[in-house]
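These notes concern the structure reproduced below.
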Amino acid sequence: NGMKLLVAGTALALPRTIALHGVSVAIIALSMAKILEMKGMKDLHLLALGCLIHDAGHAEHEEAFGKPAGILAPVELAAFKAHPLAGTQALKEQKHYDQHVVDIMLEHEELIDGSGFPKGLMHAYPLLAATANSFDRCLHLENERPHSALRRILAEKNGQHPPEHLKALSTLVVSLTK
């Protein structure tokens, strides 16, 4: 679907599917932030912007976006694993981004057990965007229902996301069914 969406406040033109995924990740992350009682408006605004554009690095290799990593061809997998760095390179050309936004873009695939990418970082407190991104990939890219996606993350990603993020995600999913 060759449509490109301009992200407000940026010079990034994102394919529609990537832009919509960013919107979903931002909504999930902000909902989790509310549950976690994060209140700093500037931090919440930066979280939202970072989530909106976190996958901009996929714009150059859109064919790898939306497929489960396990079925990607080697070239597609390499492009998928390079997308955080590709996105941050695009941001470096624009000087007006806060470092927190750049960090979200760079580290949204990192996991606390070091199994993420691009750097295999082991964060003491990784970005909330990583948990929201994992959940939205299950929902919208792999077509799982919210409870099924939550169960999958709890079973398959145990030890990869902070317990407080998983608890907030569980609270969010339960609230969706009330």
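The values are calculated or read from the model by the stated rules, or taken from the named source; none is laboratory data. Just so it is clear, the structure is predicted and the values come from calculations on it, not from any experiment. All Cβ positions, even for glycine, are placed from backbone atoms using ideal geometry, and neighbour counts span all protein chains on display. To get the accessible areas, we keep the full protein, side chains included, count just its heavy atoms, and leave off ligands, DNA and RNA. Shrake-Rupley method; radii C 1.70, N 1.55, O 1.52, S 1.80 Å.
Given that just one value was derived from the coordinates, which of (1) 62, 49, 28; (2) 142, 20, 19; (3) 40, 39, 32 is Cα extents along the principal axes in Å? Read-out taken from this structure: (3).
Going through segment 69-178, which GluC sites (Glu not before Pro) have at most 10 other Cβ atoms within 10 Å and a DSSP loop state? All intermediate terms of the calculation are to be shown ahead of the outcome.
Numbers: sites: GLU76, GLU93, GLU107, GLU109, GLU110, GLU142, GLU144, GLU156, GLU164; in loops: GLU93, GLU109, GLU110, GLU142, GLU144.
In loop regions of segment 69-178 (DSSP not H, G, I, E or B), the sparsely surrounded GluC sites (Glu not before Pro) are GLU93.
Note that segment 31-125 presents 54 Å² accessible area per residue, ligands and nucleic acids not counted, probe 1.4 Å.
Here the calculated FRET efficiency for HIS61 and SER115, from their Cβ-Cβ distance with R0 = 22 Å, stands at 0.50, rounded to the nearest 0.05. Database remark: amide H of LYS67 closer than 5 angstrom to no amide H (H placed geometrically; neighbours at sequence offset of 5 or more, or on other chains; Pro and chain starts carry no H). Here segment 12-124 is treated with +1 on each Lys and Arg Cβ and -1 on each Asp and Glu Cβ, and its dipole about the Cα centre works out to around 240 debye. Binning all Cα-Cα separations of segment 77-178 at 10 Å, short to long from zero, yields these whole-percent fractions: 15, 43, 32, 10, 0. Sequentially through segment 140-145, phi angles give Karplus couplings (6.51, -1.76, 1.60; θ = phi - 60°) of 9, 9, 10, 6, 8, 6 Hz, Gly and Pro residues having no value and appearing as x. Computed 3J(HN,Hα) for segment 36-45, one whole-Hz value per residue from the Karplus formula 6.51 cos²θ - 1.76 cosθ + 1.60 where θ = phi - 60°, is 7, 6, 7, 10, x, 4, 4, 4, 5, 5, glycine and proline marked x. Using just its DSSP H runs of length 4 or more, each adding -39500 (n - 2.57), the chain gives a mean residue ellipticity at 222 nm of -17000 deg cm²/dmol after division by all residues.
Per-residue Karplus couplings for segment 117-122, computed as 6.51 cos²θ - 1.76 cosθ + 1.60 with θ equal to phi - 60°, are listed in order as 8, x, 10, x, 5, 10 Hz, Gly and Pro entered as x. In summary, the lysines within cross-link reach of LYS119, defined as a Cα separation below 19 angstrom excluding same-chain residues under 8 places away, comprise LYS81, LYS92, LYS157. Carbon and sulfur: what percent of the chain's accessible surface (1.4 Å probe)? Of the solvent-accessible surface of the chain, carbon and sulfur hold 59 percent.
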